[in-house]
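Colleague: Can you keep this structure in mind? I'll have questions shortly.
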Amino acid sequence: MASHPFILLFYAVSGFLNTLMGIFHKKTTENNYKINKSYTSSRENVFIEDQNEEKNLRYGSKSFAHSGCGTAAVYNALLLLGKPQPLAEIIRHFEGHGASFFAAFGTAPQAAAKYLRSLGFFVENTSNRKKFKELAECSDVMIFTVMNNRRSLRRMLHMMCIERIPDVPSASPASGADRHSASLSSGVDSTETCQASPRFIVHNSHRRSENYVNFDEMMSNLGDGDGLADGVYMVGVRKC
């Protein structure tokens, strides 16, 4: 069952129109790039866990703090996947390819999948609620778009980077910063098997990173919490 077809259609159309109208945004995009490059040059390769702290960054016609969750999710994902890209470059790319109405409504989830494929990663994506858990348990890293509150669209959407942490019997439990790289350094080939109950770390959620013992616990805490989050679109990425 499709999750939210009208929401996804809105983002697909608005992202496409944004690309077509890129020539009108070119001056703003280059100005934003200069500002963002200067600000981020001293803090690359650090996870973004609270986009609200990045008040000096620009994204399209808005601030990064306001609508940059999609670009933050892609940036964090690329750190985890071992192919980091400068944040200023990621922002500039999406301003021209997928920013919904020049980032007034954030980033089209579909654009994130397309961008990651262009970098050579194996990417799967789905809007089927019944497949979110399965895709999460078979991916190294996910970019997950959720409604913060399924009862109110006014609570808006949020895109997050999620890291799958495999349970490796021969390894001692990871702690602290080690957990961030456990899933990608354990030697487990995620293309061969899917774990029934891996742990997950969610980045830039509720202004922090969060560690969950399984997918169901994670879903009950995303968005506004109390089990009110509703998945819209998931992009699952595996290292090739």
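Colleague: Read through the list (1) hydrophobic (A, V, I, L, M, F, W, C); (2) touching a residue at least 40 places away in the same chain (Cβ under 8 Å); (3) part of a helix (DSSP H, G or I), then give the number of the only condition that Ile35 fails.
Modeller: Status for Ile35: all satisfied but (2).
Colleague: Going through region 35-57 one residue at a time, which ones are farther than 25 Å from Leu80 by Cβ and surrounded by 13 or more Cβ atoms within 10 Å (Cβ to Cβ)?
Modeller: Answer for region 35-57, where residues must be farther than 25 Å from Leu80 by Cβ and surrounded by 13 or more Cβ atoms within 10 Å (Cβ to Cβ): just Ile35.
Colleague: Every residue in region 99-135 that is assigned to a strand (DSSP E or B) and among the charged types (D, E, K, R), please. Step through it out loud before you land on a result.
Modeller: First pass over region 99-135, keeping only residues assigned to a strand (DSSP E or B): 99, 107, 122-126, 128.
Result: Glu124, single match.
Colleague: Further question on the same structure: Give Glu134, Glu163 a once-over and let me know the one that is farther than 30 Å from His25 by Cα, within 13 Å of the chain's Cα centre (by Cα), modelled with pLDDT of 95 or more and not small (Gly, Ala, Ser). Write out each step before concluding.
Modeller: Numbers: Glu134 fails: within 13 Å of the chain's Cα centre (by Cα).
Checking each option against the conditions leaves just Glu163.
Colleague: OK, next. Let me spell it out: the conditions are (1) under 23 Å from Asn149 (Cα atoms); (2) crowded, with 18+ Cβ neighbours inside 10 Å; (3) in contact with a strand residue (DSSP E or B) (Cβ under 8 Å, 6 or more places away or on another chain), and Ser14 meets all of them except one. Which number is the exception?
Modeller: Of (1) under 23 Å from Asn149 (Cα atoms); (2) crowded, with 18+ Cβ neighbours inside 10 Å; (3) in contact with a strand residue (DSSP E or B) (Cβ under 8 Å, 6 or more places away or on another chain), only one is false for Ser14: (3).
Colleague: Is it true that Gly70 is assigned to a loop (DSSP other than H, G, I, E, B) and either within 23 Å of Ala2 (Cβ to Cβ) or at pLDDT 95 or above (or both)? Break it down into steps so the answer makes sense when it comes.
Modeller: Numbers: assigned to a loop (DSSP other than H, G, I, E, B): no; either within 23 Å of Ala2 (Cβ to Cβ) or at pLDDT 95 or above (or both): yes.
Against the criterion (assigned to a loop (DSSP other than H, G, I, E, B) and either within 23 Å of Ala2 (Cβ to Cβ) or at pLDDT 95 or above (or both)), Gly70 does not qualify.
Colleague: Has region 209-221 got any residue that is modelled with pLDDT of 85 or more, within 25 Å of Leu9 (Cα to Cα) and surrounded by 13 or more Cβ atoms within 10 Å (Cβ to Cβ)?
Modeller: Residues of region 209-221 modelled with pLDDT of 85 or more: 209-221.
Subset that is within 25 Å of Leu9 (Cα to Cα): 219.
If we keep only those that are surrounded by 13 or more Cβ atoms within 10 Å (Cβ to Cβ) as well, we get 219.
Within region 209-221, one or more residues are modelled with pLDDT of 85 or more, within 25 Å of Leu9 (Cα to Cα) and surrounded by 13 or more Cβ atoms within 10 Å (Cβ to Cβ).
Colleague: Let me ask another. Please go through region 70-89 and give me each residue that is under 16 Å from Ala103 (Cα atoms) and crowded, with 24+ Cβ neighbours inside 10 Å, ordered by number. Before the answer, list the steps.
Modeller: Filtering region 70-89 for residues under 16 Å from Ala103 (Cα atoms) gives 70-74, 87-89.
Gly70, Thr71, Ala72, Ala73, Val74, Leu87, listed by residue number.
Colleague: Is there any pair linking a residue in region 204-231 that is farther than 18 Å from Ala136 by Cα to one that is in a loop (DSSP other than H, G, I, E, B) and among the hydroxyl-bearing types (Ser, Thr, Tyr), with Cβ under 9 Å and at least six apart or on different chains, and which?
Modeller: Close Cβ pairs (under 9 Å, with a partner that is in a loop (DSSP other than H, G, I, E, B) and among the hydroxyl-bearing types (Ser, Thr, Tyr)) amount to Asp224/Ser152; Leu228/Ser152.
The values are calculated or read from the model by the stated rules, or taken from the named source; none is laboratory data. What you are looking at is a predicted structure, and each value in this text was computed from that prediction instead of being measured. Note that each Cβ is placed from the backbone with ideal geometry, even for glycine, and that neighbours are counted across all protein chains shown.
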